[in-house]
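This report concerns only the one structure given below.
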Amino acid sequence: MKGILSILVVAALAVSCQQAKFAHVDYAKLMDGYKRKQDLESSYQLKAETFNRKRDSISQAFQLEAQDVQNRSRNSSQQRAQEEMTSLQQRAQLVGQQLQQEEQQMQRMGQMKSDSLLTQVKETIAKYGTDNGYTYVFAAGEGSSVLYGQESLDVTEAILKILNDEYQK
């Protein structure tokens, strides 16, 4: 009986101590090579540049109008000049608030798209790990807690290919 019990304990330990399978992903390299991320960054950069040109153009228009009001004020009463300048300042403040709201909306949309991208990357890594029998897939690279990973356990390129192939569809 004691022999059978020992065999069962050894068998149970053998089953419970199956080898864990590990891999690592260079997260920075993965994100830098991900076409969807590159496209999102390019799109955001283009929107930011367009917004900056719009803001600069509006600012320049208000500066020209302020100069015009100052020039006209020489030929009009002090009260009239003050009224025109107050009106111009109020419009500038309103436009400034509208621009600020537009910029905040652009940033919120960029953050939402970035969050969606990160979620997709994490889900793809998890699916790759599950499909390939990995117990853990660690993030490697600058600032990660993986200080060394065997090159043969680096699955960055495989996951990057999956992400880019899915994005191209």
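The values are calculated or read from the model by the stated rules, or taken from the named source; none is laboratory data. These numbers were taken from a predicted model, which means no experiment stands behind them. Using ideal geometry, Cβ is built from the backbone for each residue, glycine included, and neighbour counts are taken over all protein chains shown. What goes into the accessible areas is simple: the full protein's heavy atoms, side chains included, and nothing from ligands, DNA or RNA. Shrake-Rupley method; radii C 1.70, N 1.55, O 1.52, S 1.80 Å.
Contact map, the stretch 142-154: first residue closer than 17 Å to M31 by Cβ and of a type in the set (D, E), second residue open to solvent by 100 Å² or more (accessible area, probe 1.4 Å) and modelled with pLDDT of 75 or more, Cβ cut-off under 9 Å, separation 6 or more or different chains; the map is empty.
When you look at A92, is it at pLDDT below 85, hydrophobic (A, V, I, L, M, F, W, C) and either farther than 26 Å from Q111 by Cα or part of a helix (DSSP H, G or I) (or both), yes or no? Step through it out loud before you land on a result.
On the way: at pLDDT below 85: no; hydrophobic (A, V, I, L, M, F, W, C): yes; either farther than 26 Å from Q111 by Cα or part of a helix (DSSP H, G or I) (or both): yes.
Judged against the criteria, A92 is not a match.
Take the stretch 78-99 and flag every residue that is open to solvent by 90 Å² or more (accessible area, probe 1.4 Å) and closer than 16 Å to S57 by Cβ. R91, Q98 - these are the residues of the stretch 78-99 that are open to solvent by 90 Å² or more (accessible area, probe 1.4 Å) and closer than 16 Å to S57 by Cβ.
Please tell me if V121 is open to solvent by less than 40 Å² (accessible area, probe 1.4 Å), closer than 30 Å to T50 by Cβ and under 29 Å from the mean Cα position of the chain (by Cα). Against the criterion (open to solvent by less than 40 Å² (accessible area, probe 1.4 Å), closer than 30 Å to T50 by Cβ and under 29 Å from the mean Cα position of the chain (by Cα)), V121 qualifies. Selection within the stretch 3-39: residues that are farther than 30 Å from Y134 by Cα and either open to solvent by less than 70 Å² (accessible area, probe 1.4 Å) or among the basic types (K, R) (or both). The member of this set that is modelled with the lowest pLDDT is S6. Considering only residues that are under 26 Å from S116 (Cα atoms) and touching a residue at least 40 places away in the same chain (Cβ under 8 Å), look in the stretch 40-75 and name the one that is farthest from the chain's Cα centre (by Cα). Only one residue tops the list, namely F51.
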